[in-house]
Amino acid sequence: MDSIKYIGREVHKDAIVIAVLKDNGKLVMESIIETKASTILQLIQGLRGELYLSFEEGTGAAWLYDLRKPQVTKVVVCNPRKNALLQAGSKSDKLDARKLAELLRGGHLRPVYHGENGLCTLKELARSYRTISQDLTRVMNRLKALDRSWAIPGAGTSVYSPRQRAGGLNKIREAGVRRRAEFFYQELDGLRTLPRAVRRDRLQQSRKPCATKLLGEIPSSGPLRAARTIALIQTPHRFRTKRQRWTYSGLGIETHDRAEYGYVEGPLQRCQKPVQIRGLNRNHNRDLKNLFQGTAIWASGNPGPFQDFYAGLLGKGMKPEMARLTLARKIAAITLRVWKRGEGFDVKHLKPQTA
């Protein structure tokens with residue numbers, strides 16, 4: 001009873017279906033329990049041996065991960081997009097839980113990173129700032145669309161100014177539409193005060209990690225971008241090399257190749273045909289890609305070492321869009337090096353051989 005056990009879970013709002021396999025692949029238990037902390041803890045405490053647990057990333061994944069991590073040997077929160085076996089054949093909660101346990105036993109699951117509790121507050125503040133900013137943009141777009149529907153001219157940000165609102169509202173003859181615009185303006189006024197408060201709290205929280213000062217010293221980074229980087233990545237040791245960092249950030253080059261080898265006059269040789277480049281990888285963290293691309297765009301237009309590096313790429317005949325991509329990859333690599341080694345920024349990091 002003290003052998004290795006692999007546990008697969010199919011998690012839903014009301015119930016959790018559990019399948020337990022031994023190290024030889026034999027099913028030893030199937031159970032359906034309530035999605036409740038005390039029930040989950042009671043079931044795990046009844047199992048003996050080394051426990052390996054897996055479930056798919058979802059709404060309650062973070063809660064389950066923090067609840068179960070101290071009780072088992074290893075927790076694997078897997079990426080549901082990579083579990084092709086779950087889509088094959090018949091589907092049910094029990095079958096999916098057993099397939100998850102089998103994939104965990106075979107080592108075929110792609111884990112999703114879940115950080116430590118120490119940076120949870122900073123991460124949630126970063127999410128709040130992003131959500132509020134998106135809501136603010138959405139309300140502003142709705143006001144612009146409403147004005148266009150009534151042929152009301154309004155360019156730039158003057159439409160949102162309190163001084164210009166009365167004139168725009170008076171041009172709307174329909175009472176219901178005018179009232180709708182007033183509600184949008186009230187929502188806009190309420191949202192405009194929130195980003196400053198969240199930004200202030202995020203800066204205060206970002207002062208706790210020691211890496212904030214190091215990352216803030218990188219040109220074109222600053223305290224806000226440093227705080228956002230720490231909130232999105234949490235630890236640099238997730239990435240062994242800079243290429244893994246590029247792929248996670250959506251800056252990795254995706255290549256396709258086939259028929260690489262062939263027999264030419266006897267011995268086996270590799271073909272000399274060029275590798276087909278299919279662009280940047282699509283499976284990535286969009287927020288992190290926007291961060292590095294935005295930093296590269298700002299750095300290329302403002303004086304500093306990164307602008308000199310960008311100008312050098314243009315002088316070699318590189319297209320501006322490819323030069324900005326190279327600069328974004330360079331900034332991502334320097335950020336990883338500074339953070340992982342705990343050393344300050346040095347202009348020598350911009351040498352071509354370290355690109």
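The values are calculated or read from the model by the stated rules, or taken from the named source; none is laboratory data. A quick note: this is a predicted structure, and the numbers were derived from the prediction, not measured. Because the Cβ atoms are built from the backbone with ideal geometry, glycine has one as well, and the counts that use them run over all protein chains shown. Side chains are part of the model used for accessible areas, which takes the heavy atoms of the whole protein and leaves out ligands, DNA and RNA. Shrake-Rupley method; radii C 1.70, N 1.55, O 1.52, S 1.80 Å.
Brief remarks follow.
- Residue-count net charge about residue 217 - beta-carbon cut-off 11 Å; Lys, Arg +1, Asp, Glu -1: -1
- Residue-span extension gain [residue 302 to residue 263] - 0.36 nm each, minus C-alpha spacing: 8.7 nm
- Contour excess over end-to-end distance, with Cα ends at residue 346 and residue 201 and 0.36 nm allotted per residue: 49.2 nm
- The chain - charge dipole about Cα centre, Lys and Arg +1 at Cβ, Asp and Glu -1, debye rounded to 20: 920
- Most mobile of 19, 332, 231 in a GNM of the chain (Cα contacts under 10 Å): 19
- DSSP-loop trypsin sites (Lys or Arg not before Pro) across region 1-44, with at most 13 other Cβ within 10 angstrom: 13, 26, 36
- One Cα centroid belongs to region 17-31, the other to region 164-216; the line between them spans 51 Å.
- Option label - Rg/Rh (Cα atoms, Kirkwood Rh) computed here, alternatives (1) 0.96; (2) 1.06; (3) 0.93: (2)
- Length added when fully stretched, residue 127-residue 62, from 0.36 nm per residue minus Cα-Cα: 22.0 nm
- Mean-position separation - Cα centroids, region 220-269 and region 288-355, in angstrom: 16
- Of the DSSP H helices in the chain, those whose Cα atoms cover at least 27 Å axially and whose Kyte score averages -1.0 or more: 120-149, 320-341
- The chain - percent of accessible surface contributed by carbon and sulfur, probe 1.4 Å: 50
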